[in-house]
Amino acid sequence: MTALRKYSLGDIFGVGLIFAVGLFTLLLLVAPSIIVVIISFDTRAFVSFPPEGFTLRWYAEVFQQGELVEAMANSLQVGLTVTVLCILLGVPTALACARGRFKGTTALSVFVLVPHMVPGIVLGVAVLFAGALVGVSPSIWLQSISITVFILAVMVRTVQSRLVRLDPALEEAAANLRATPFQSLRTVTFPLLMPAILAGAVFTFVEGFDNLSVAIFTHGFRDRPLPVELLALVQYTSSPLVAAVSGVQIVLAIAALIAVSLSIGLDNVNE
Amino acid sequence: MMHQHPRTASKVASSVPVLRIGAVGKQFGATKVLEKCSLDVDEGEIVTLLGPSGCGKTTLLRCIAGFLDADQGDVRIDGQDMGPIPVNRRPVGVVFQSYALFPHMTVARNVAYALKMQGIRGAEADRRVAGALATVSLQDFGDRYPSQLSGGQQQRVAIARVLVMEPRVLLLDEPFNALDAKLRSSMQVELRQLIKRLGLTAIFVTHDQEEALTMSDRIAIMRAGRIEQAAPPDEIFDYPATAYVADFIGTSNFWKASAAGGTVPLPDGQRRQTEHSGDVQIMARPHNLKLAEPEAGEWRGHVQFHRTIGALIEYHVETSDGVLLQVATMRQERAAPFDDGAAVSLHIIDPTYCAVYPAS
């Protein structure tokens, strides 16, 4: 009773408004995914809503269609390659930007950001022509590299912002406690950067797996990635098969998020 | 005794101080942060670098630790020039203001860190970690994470973490800043006793004069990149070398005078010897002044305000020529103090205990 009296009518209205806006936003974000998942179970052979029955037929078909399975495997490979490349290139770049004492650290961090600002289609076309110029034809590798260039900024920024928030005394303490610069990096800086690297890895993997705009120009003729395959699919058919593929992707994404939040173990990484 | 410091073994001739700071200078761009700072610190001595923020005390500490390179001068430990020695090979242990404990390691792993980096493992490492934790009374906290400890406990872990590597010099950068006021004073006494018990040589950095007076064998007062005076706390308080030091430490009364022929007249009619001549300023501590009935002397004034602090009475007196002074006297039982507004005469108890400085 006393607790209630602390809040005026205006407060209650305000909180209610915020709650309503939040709920609406959430709905806006989640509704398309939910509708897609619902459609993927429909018995009819064309996309429509609401569904008229329940079947797992489309899911079975996803895994029976050779091209789709192959496209998924290709996208998985691209996603993993992009992630590995982004970690290998992005973490040192972030260290250089945040800790470097040379001139041009700002220029470097802007430079990394540029490809991400360019529309993916422009980047894709540019890579295609540049590749043709030096005799590199589109392939799963060219696709991986061009998406890496496109998304590297996300890894750099994620790691860099964590680095900037780290107490610089931690690295000084390591040095004072007899650690060489490399030992300090390995035993103090990297473990503390791990949550940021993992978060960056999730973003870059999803981009590698799901990117269409860059991939459409750079993917190998025989190695179609999933987004390109799906585009072809929706162009020529309208069966809930596409929805089923999306359903698989949604399940994978949720699984990845759960895995990450479990592995980071939020209790040991607080500053 | 868990900590066998190699002090006795490595002790060079007794004339070589453990730490010698020789005319160290440092610039950041065009700003001179340190200028010709010189200081010798002897075995087992606790020296405090005291000064307002921006006076260069932390910069000097960072030059000793090796986080910064001095532009001029040198830092020597046991006679060895530290200039070419990188941070991770200097025989110093730093306790940071933020403690800088590694949040992803347990207390025991934090303390074992320096040993691990030197390749010391197994039974010897375990023994030394246990010893260091016992020294700071945290033997049961080895499995905790720093975030699970109180501020005072975190500070003790930070100390144990450097003790374990048996440094020649302990450097402490405002180590009490993160603690609340109540804990602070008890930790100060505790830490001083610990350092004394272990016979360590230590440099403290602080801006808190009470902390400096509690902790130090000697205080080095810093101002604008220079060391103004380095002396034991009592000497700093009783015989401040400059007007700045007198003003910075304790309460002080200043007034202007004119010296000639080797003496300077004091306003109550006495004289004090001085090597200065011309315009000077004289400083007297509040307890070197006393009040009497107005007719008892020629230096007159009236009480503006007074208060009793336990055994002490503090008077704020305005002299007839408009100078504000503080006078502190012991309270006599049953003797009534001078009331606010009362006319009084002022007297200097011991003229030799007044300081004379050239007029600023």
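Could you list, in sequence order, the residues of the stretch A:201-229 that are surrounded by fewer than 24 Cβ atoms within 10 Å (Cβ to Cβ) and among the aromatic types (Phe, Trp, Tyr)?
Residues satisfying the conditions are A:Phe203, A:Phe205, A:Phe217, A:Phe221.
Quick one: would you say B:Arg192 is assigned by TED's automatic domain parsing to the domain that holds B:Pro91, touching a helix residue (DSSP H, G or I) at 6+ places or on another chain (Cβ under 8 Å) and surrounded by fewer than 20 Cβ atoms within 10 Å (Cβ to Cβ)?
Against the criterion (assigned by TED's automatic domain parsing to the domain that holds B:Pro91, touching a helix residue (DSSP H, G or I) at 6+ places or on another chain (Cβ under 8 Å) and surrounded by fewer than 20 Cβ atoms within 10 Å (Cβ to Cβ)), B:Arg192 qualifies.
B:Asp234 versus (1) of a type outside the set (A, V, I, L, M, F, W, C); (2) touching a helix residue (DSSP H, G or I) at 6+ places or on another chain (Cβ under 6 Å); (3) free of Cβ contacts under 8 Å to residues at least 12 places away in the same chain: which is the lone unmet condition?
(2)
Out of (1) under 26 Å from B:Leu60 (Cα atoms); (2) more than 14 Å from every other protein chain (Cβ to nearest Cβ), the odd one out for B:Gln139 is which?
B:Gln139 satisfies every listed condition except (1).
Residues checked against (1) open to solvent by 40 Å² or more (accessible area, probe 1.4 Å); (2) within 31 Å of the chain's Cα centre (by Cα); (3) aromatic (Phe, Trp, Tyr); (4) modelled with pLDDT under 90:
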residue	(1), (2), (3), (4)
B:Gln270	yes, no, no, no
B:Lys290	yes, yes, no, no
B:Trp299	no, no, yes, no
B:Gly310	yes, yes, no, yes
B:Thr319	no, no, no, no
B:Leu324	yes, yes, no, no
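Spot the failing condition for B:Glu295; the list is (1) modelled with pLDDT of 95 or more; (2) of a type in the set (D, E, K, R); (3) over 30 Å from B:Leu200 (Cβ atoms), and only one is missed.
Just one mismatch for B:Glu295, condition (1).
Would you kindly identify the strands (runs of 3 or more DSSP E) lying entirely within the stretch B:250-360 that contain at least 2 residues that are in contact with a Gly (Cβ under 9 Å, 6 or more places away or on another chain)? It would help to see each step written out before you state the result.
On the way: elements: B:253-259, B:263-265, B:271-273, B:278-284, B:289-292, B:300-309, B:312-319, B:324-330, B:343-348, B:355-358.
In the stretch B:250-360, B:253-259, B:300-309, B:312-319, B:343-348 are the strands (runs of 3 or more DSSP E) which contain 2 or more residues that are in contact with a Gly (Cβ under 9 Å, 6 or more places away or on another chain).
The rows are residues; the columns are (1) under 20 Å from B:Ser98 (Cβ atoms); (2) without any contact (Cβ under 8 Å) to a residue 40 or more places away in the chain.
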site	(1), (2)
A:Ala107	no, yes
A:Leu113	no, no
A:Val136	no, yes
A:Ala169	yes, yes
A:Asn176	yes, yes
A:Ser184	yes, yes
A:Leu193	yes, no
A:Ala199	no, no
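Given the options A:Ala130, A:Ala179, A:Ala174, name the one that is small (Gly, Ala, Ser) and open to solvent by 20 Å² or more (accessible area, probe 1.4 Å). Spell out how you get there, then give the answer.
On the way: A:Ala179 fails: open to solvent by 20 Å² or more (accessible area, probe 1.4 Å); A:Ala174 fails: open to solvent by 20 Å² or more (accessible area, probe 1.4 Å).
Result: A:Ala130 is the single residue among A:Ala130, A:Ala179, A:Ala174 that is small (Gly, Ala, Ser) and open to solvent by 20 Å² or more (accessible area, probe 1.4 Å).
Any idea how many residues of the stretch B:176-208 are outside any strand (DSSP E or B) and among the β-branched types (Val, Ile, Thr)?
Final tally of qualifying residues: 2.
The values are calculated or read from the model by the stated rules, or taken from the named source; none is laboratory data. Since the structure is predicted, the reported quantities are computational estimates derived from the model, not experimental observations. Counting neighbours? That spans all protein chains shown, and the Cβs are built from the backbone with ideal geometry, glycine included. The protein model used for the area step is the full one, side chains on, heavy atoms only, and it has no ligands, DNA or RNA in it. Shrake-Rupley method; radii C 1.70, N 1.55, O 1.52, S 1.80 Å.
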